[in-house]
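Values quoted throughout were computed directly from the atomic coordinates according to the rules given, and no laboratory measurement underlies them. All values derive from a computational prediction rather than experimental measurement. Virtual Cβ from ideal backbone geometry, glycine too; neighbours counted across all protein chains shown.
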Amino acid sequence: MEKRRTVPVKLDVDSDDTVLLRDTVDEFLWAADYVTRHAFEGEYVTTSKTTLHDDTYDDVRNETRLHSNHVQAARNKAADACKSVVEKWKQGKKASMPHFTSPHLVYDHRTATFHDKYVSLATVDGRIEVDYVLPDNERDTPHAEYFFSDEYETTGAELHYSNGNWMLHAHCKKDVESDTPEQATPENGMVLGVDLGVNNLAVASTGTFWTGDEFDHWRREYENRRGDLQECGTRWAHENTKYVGRKEEGRFKMTLHRISNELVAEARNHDCSVISFEDLTDIRERTGASWGHKWAFNRLYAYVEYKAESCGIDVEQVDPENTSRRCSHCGFTHPDNRENDSFECLKCEYENHADYNAAKNIGLRYLRRNQTGSGGGAPVGVRLNSGTLNVNGEYEPPADESVRAGVHAESPPL
């Protein structure tokens with residue numbers, strides 16, 4: 001059995017090397033798009049990596065300066081994306097041909113060599129050596145625990161460019177005994193449930209809210225700017241429209257990075273070993289969200305996933321059915337339990353914010369799905385701001401509070 005971790009490492013890239021990396025990224029994305037277009041050319045979408053390799057490898061090698069392993073990595077990216085589209089079609093869902101735009105590049109042990117202070121990376125014009133930017137105190141960091149640990153092997157990485165920074169997401173692994181409960185949630189672990197929505201981008205089962213006010217304000221602001229420029233119809237206006245779009249995406253990514261950092265910190269501060277989200281498939285239809293919100297949900301989940309992984313926290317998705325209609329206190333489910341942002345159970349009269357109630361249900365759904373009963377590495381509760389919910393939805397106060405008061409609370413906290 002393998003234990004895997006991903007560690008984000010910032011790189012110190014000078015201007016000359018930045019040009020090389022950007023050129024390499026551009027050709028990598030072009031290669032992935034080329035393979036994808038080929039996969040969609042026939043009567044059926046081709047998802048076989050072997051077939052796509054045979055059909056496109058020589059073309060990509062002739063048209064780009066990519067290392068052979070980068071060509072294969074681009075093919076794998078395209079094949080996996082095409083396979084995902086076909087799976088959605090089989091489920092009766094809509095999906096279109098993938099297009100790769102996010103600046104990233106896949107490295108393996110042939111295209112990247114990891115040293116103590118720097119990494120050697122293959123580009124379209126030879127190799128470059130780039131220094132790591134590390135914390136002043138590396139102790140008790142993912143860098144020390146995984147990336148520089150003798151117990152872990154660094155097998156590859158993904159290079160990402162965002163907000164003016166080059167980040168190397170290093171993939172580390174080590175072998176563990178098959179009877180080790182490592183891949184399960186650690187014993188006495190806690191689950192942090194997270195609900196995503198329009199008015200509140202994210203709400204945690206601990207009662208922390210991340211509102212969508214700032215997101216909505218800037219979304220409207222940038223829409224108005226684009227509308228004004230499009231009315232001009234000039235070439236200058238067209239170029240500035242694209243500039244506004246890039247600036248908008250950069251601002252939103254910065255906001256989502258901040259929220260994802262705070263979500264992971266929330267989980268760590270409450271000793272959670274799992275962060276549970278609702279399944280993001282069809283979330284736009286369920287919530288009435290815009291395409292912009294759907295993009296934000298997917299991006300936020302991706303940010304939380306890789307940041308939590310570097311902290312040893314699992315990120316999972318659960319079935320979203322009735323999480324907004326079910327009472328997290330007694331379990332009674334009815335459409336009339338919820339009205340806009342308010343939740344009031346028709347059976348037990350439990351009242352709370354609807355999104356917070358949903359966040360607790362999302363945590364409970366993961367808890368019940370994975371509960372094994374007698375140790376076994378299963379999580380034992382959904383973390384609240386004070387105390388927990390057990391698998392039966394019953395509130396359990398903090399241990400010190402129970403001892404101090406001598407009694408158990410009779411109802412869940414707000």
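What the table shows:
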| read-out | value |
| --- | --- |
| Separation in nanometres of the label points that stand 7 Å from Cα toward Cβ, at THR101 and ASP80 | 2.1 |
| Long-range amide H partners of ARG127 with built H, under 5 Å | none |
| Table column - 3J(HN,Hα) (Hz), region 118-128, Karplus curve with 6.51, -1.76, 1.60, x for Gly and Pro | 8, 10, 9, 10, 6, 10, 6, 9, x, 9, 10 |
| Highest-first arrangement of 124-133, 19-28, where packing means the average Cβ count within 10 Å | 19-28, 124-133 |
| For SER162, residues with placed amide H under 5 Å, excluding near neighbours | MET167 |
| Net charge of neighbours whose Cβ lies under 10 Å from the Cβ of ALA74, counting Lys and Arg as +1 and Asp and Glu as -1 | 0 |
| Net charge of Cβ neighbours under 10 Å - reference HIS334; Lys, Arg +1; Asp, Glu -1 | +3 |
| Charge dipole (region 2-175, unit charges on Cβ, about Cα centre) - positive-most of VAL119, SER149, VAL133 | SER149 |
| Net charge of neighbours whose Cβ lies under 12 Å from the Cβ of TYR301, counting Lys and Arg as +1 and Asp and Glu as -1 | -1 |
| Extended-chain gain in nm, criterion 0.36 nm per residue less alpha-carbon gap, HIS257 and HIS109 | 50.4 nm |
| Listed pairs LYS88/LYS174; LYS93/LYS294; LYS294/LYS360 exceeding 27 Å between Cα atoms | LYS88/LYS174 |
| Potential lengthening between ASP319 and VAL19 on full extension [0.36 nm per residue; Cα-Cα distance subtracted] | 103.6 nm |
